[in-house]
Amino acid sequence: MMAAEAVLAERFPQAIFAIVAGSILRGEGTESSDIDLVVLHEALPAAWRESFHFDGFPVEAFVHDFETLNWFADQDMAGGCPVLTDMVAGGVAIGPERARAEALQAEARQRLERGPAPLTPEIRNGLRYQITDLVDDLRDPRPAAEIRAIAAELMRPLADLMLLGRGRWSGRGKWLPRLLLRADAALAERFDAAVRNACAGQAADLIRLAEDELAPHGGPLFAGDRRTAPAGARRPGRLVE
């Protein structure tokens, strides 16, 4: 915590407060863990993120005012993965205006407790299509290396459907197995075992899991999937210029 306070004082002297988050704060840090710092100013021309070292600590700073924080938090939550809001809700406030920081944290916790919005048809069908396409690839005889690559690609959309489809927030990277475990320990074990088997070249369990998860959302989706590009998605001239 002293390191975070020193970072705030030295690198962000105009900030009104910061919220310290991350695995180090939770007592789960490893040698490569960094300090996550959400830094709030009264007003900024634009938000930014920067990574740096401070007294030997790797630091990742997310620098905002209240309006930019709202925008990025909205984007995260619309995608079902509230990374920034979670950092605010679960961190520790430091800096001059801690009362305002704690009020912001209370708002963040209330928003997280409401859970994600129900899956929209667009998001649901996007996940169905991704999962269907990857599962179809897994059905064909393939070298084990290709099965591993497909399984790695499938993990994220499948976990998103498993979590968001149950009204739970999703995450990224190491957070996916953690969030699945919190949601349903047996389901998390089934997911992990299926992925491990697929990484060993045996995809049958992962295919069955994907089929089971697709079923309540309308099943596989291929025929009928259509996505229209924006009207401005064009450039005149030659293909390579």
If you scan segment 58-90, which residues turn out to be in a strand (DSSP E or B) and either at pLDDT below 95 or of a type in the set (D, E, K, R) (or both)?
Pro58, Val59, Glu60
If I go through segment 134-157 residue by residue, how many of them are acidic (Asp, Glu) and part of a loop (DSSP other than H, G, I, E, B)?
1
Arg226 being more than 23 Å from Gly126 (Cα to Cα), out of contact with any strand residue (DSSP E or B) (no Cβ under 6 Å at 6 or more places or on another chain), without any contact (Cβ under 8 Å) to a residue 12 or more places away in the chain and not aliphatic (A, V, I, L, M)
no
So which residues in segment 34-57 are in contact with a Phe, Trp or Tyr (Cβ under 9 Å, 6 or more places away or on another chain) and modelled with pLDDT under 95, if there are any at all?
Asp34, Ile35, Asp36
For segment 121-141, which residues satisfy the criterion of being open to solvent by 60 Å² or more (accessible area, probe 1.4 Å) and over 15 Å from Arg156 (Cβ atoms)?
Pro121, Glu122, Arg124, Asp136, Arg139, Asp140, Pro141
If you check every pair at least six apart or on different chains, which have Cβ atoms under 6 Å apart with a residue in segment 36-48 that is without any contact (Cβ under 8 Å) to a residue 40 or more places away in the chain and closer than 10 Å to Thr68 by Cβ first and a residue that is open to solvent by less than 30 Å² (accessible area, probe 1.4 Å) and among the charged types (D, E, K, R) second?
His41/Asp65; Ala43/Asp65; Leu44/Asp65
In contact (Cβ under 8 Å) with a residue 24 or more places away in the chain and closer than 14 Å to Leu206 by Cα - does that describe any residue in segment 112-124?
no
Outside any loop (DSSP other than H, G, I, E, B), at pLDDT 95 or above, open to solvent by less than 70 Å² (accessible area, probe 1.4 Å) and touching a strand residue (DSSP E or B) at 6+ places or on another chain (Cβ under 6 Å): is that true of Ala101 in this structure?
yes
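Table: residues versus (1) in contact with a strand residue (DSSP E or B) (Cβ under 9 Å, 6 or more places away or on another chain); (2) under 20 Å from Gly115 (Cβ atoms); (3) of a type outside the set (D, E, K, R).
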| site | (1), (2), (3) |
| --- | --- |
| Leu161 | no, yes, yes |
| Ser170 | no, yes, yes |
| Glu211 | no, no, no |
| Ala215 | no, no, yes |
| Pro236 | no, no, yes |
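The values are calculated or read from the model by the stated rules, or taken from the named source; none is laboratory data. The structure displayed is predicted, hence computed values, not measured ones. FYI the Cβ positions are ideal-geometry reconstructions off the backbone, even for glycines, and counts take in every protein chain you see. When the accessible area is computed, the model is the full protein with side chains, heavy atoms only, and any ligands, DNA or RNA have been set aside. Shrake-Rupley method; radii C 1.70, N 1.55, O 1.52, S 1.80 Å.
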